[in-house]
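A quick write-up on the structure given underneath.
What follows is calculated from the coordinates using simple rules that are stated; it is not laboratory data. Remember, it's a predicted structure, so these values are computed and weren't measured experimentally. Because the Cβ atoms are built from the backbone with ideal geometry, glycine has one as well, and the counts that use them run over all protein chains shown.
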Amino acid sequence: MTHPLLPLRSTRTAWTTALCLAAAVVMAGCSSLPSPPARALVYDFGPGLSQVPSPPVRAGRAPLALADLDAPGLVEGSNDVLYRLAYADAQQVRSYTLARWSQPPAQLVQQALRDALAERRAVLPARDAVVQARRQGRLPLVLRAELDEFSQVFESEQRSVALVRMRATLVEPTSTGELLRGQRLFVVQRPAPTPDAAGGTRALAEATAQVVAQIATWVDETMPD
């Protein structure tokens, strides 16, 4: 005679099996869902903590007005980290998918240029030049800078350099317009330590520091004290 508990055990076994199969299906479905997109890494020029504090600006040096940096070679407002494949198509500008600057490069370079100039003399925004003129009786010279190139250039798949090209123009405002005091093109290349966005952004920061230091020296040589 059939034991009265056997059908009950069979039913429990069937339910257990069904639940296990359902759990397996759910887990399989979850594993097939798309993974969340990876977040882009954000780069800047670093904290600058290793830099030696600059001495106080000499009061006798003429102040300088710094105009907003113009970047005709870059997309306005873009934070993309750009690179070129010189061995394939050097004319095509590409951008890393998972790398971004913390600010548009023009703003980062503008701040670096301002810091380099401010080590030597007082630096004012160009829009404040009129106020300075009222205090000093004359308008300060104005420095205008253009960022023509700011990219990582791959010479091969494993070797690349950071390329920064800037044009600096020093003008003297007059009642009849601006008088050209000097103009110069600055080009700096720095090897990237690694063939990726991390290496490229590091080399671009170093190249920018070198360019702005050269511009500051040129301004000192061109401006009267």
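Near W101: Cβ cut-off under 10 Å, other residues only, Lys/Arg at +1 and Asp/Glu at -1. The net charge is -1. The length gained on full extension between R94 and E157, counted as 0.36 nm times the residue separation minus their Cα-Cα distance, comes to 21.2 nm.
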